[in-house]
């Protein structure tokens, strides 16, 4: 890890730990991408609430460039089954090519269009527009994610299975870049206490560079530090030569609103 990476992480942690107005808590069993692992669930941010979120993800590899990602984001629950989201990703890497897209702005909406039934999973879709504000970016890109979640027990542990499919469209691909790429995520989550959730996932991700894919197994934990604050940490290991060797992530979430 370069010297800039721990310094950047310290800045993010300090900013997110600044005092904010009190708020009622968002449910602890609520999974968001990179907070702290890849899988997400169908739950929208509660109506009328705003979530301020931050994640730091470090991927190391012997075969390709190491990359450190900072992801600040905000979500606003504007309707019962939907929230607005905006975020950006900033990359610090050993190779300039791995920083392509650093600083792009993602704006979109998640809509939970089918509530979970006795036998059927809950279903949601998330659409995003990607503004080319980042490094070496061109054209207005899009992303679409299909999400399914199903609770498999009536016990207080709330054991759940999750499945995500994400499609990223690159409107103006550069040399050796994919125009379209997909990611598939399988996940499992379980409340281990009233304040902690264990998350396991496996994802296969097509990278921006053609003919490169990543496969990763991850384990993560979410912990409700206070009524408005949730922290998380995740650790992953790669499968295959093209995958990162390790993936470590930390996350923070703050809830605002009545």
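Residues in segment 156-173 that are closer than 12 Å to residue 142 by Cβ and surrounded by 17 or more Cβ atoms within 10 Å (Cβ to Cβ) were compared, and the one that is farthest from the chain's Cα centre (by Cα) is 170. Among the residues making up segment 179-200, those that are farther than 23 Å from residue 225 by Cα and surrounded by 18 or more Cβ atoms within 10 Å (Cβ to Cβ) are 181, 183, 185, 187.
Which one of these is in contact (Cβ under 8 Å) with a residue 40 or more places away in the chain and surrounded by fewer than 20 Cβ atoms within 10 Å (Cβ to Cβ): 143, 148? Testing whether each residue is in contact (Cβ under 8 Å) with a residue 40 or more places away in the chain and surrounded by fewer than 20 Cβ atoms within 10 Å (Cβ to Cβ) leaves just 148. Of all residues in segment 94-118, those satisfying the criterion of being part of a loop (DSSP other than H, G, I, E, B), over 22 Å from residue 47 (Cβ atoms) and modelled with pLDDT of 95 or more are 102, 103, 104. Of all the criteria given as (1) surrounded by 15 or more Cβ atoms within 10 Å (Cβ to Cβ); (2) out of contact with any helix residue (DSSP H, G or I) (no Cβ under 8 Å at 6 or more places or on another chain); (3) modelled with pLDDT of 95 or more, the one not satisfied by residue 91 is (2). Within segment 124-135, being within 22 Å of residue 167 (Cβ to Cβ) and surrounded by fewer than 17 Cβ atoms within 10 Å (Cβ to Cβ) holds for 125, 127, 129, 131, 133. Within segment 49-72, if we keep just the residues that are under 12 Å from the mean Cα position of the chain (by Cα) and without any contact (Cβ under 8 Å) to a residue 40 or more places away in the chain, the residue that is farthest from residue 30 (Cα to Cα) turns out to be 69. Remark: residue 73 falls outside the filter, which requires a residue to be more than 26 Å from residue 196 (Cβ to Cβ) and surrounded by 15 or more Cβ atoms within 10 Å (Cβ to Cβ). Restricting attention to segment 173-224, the residues that are at negative phi and outside any strand (DSSP E or B) add up to 11.
The values are calculated or read from the model by the stated rules, or taken from the named source; none is laboratory data. As the structure is a prediction and not an experimental result, all values here were calculated from the model. Note that each Cβ is placed from the backbone with ideal geometry, even for glycine, and that neighbours are counted across all protein chains shown.
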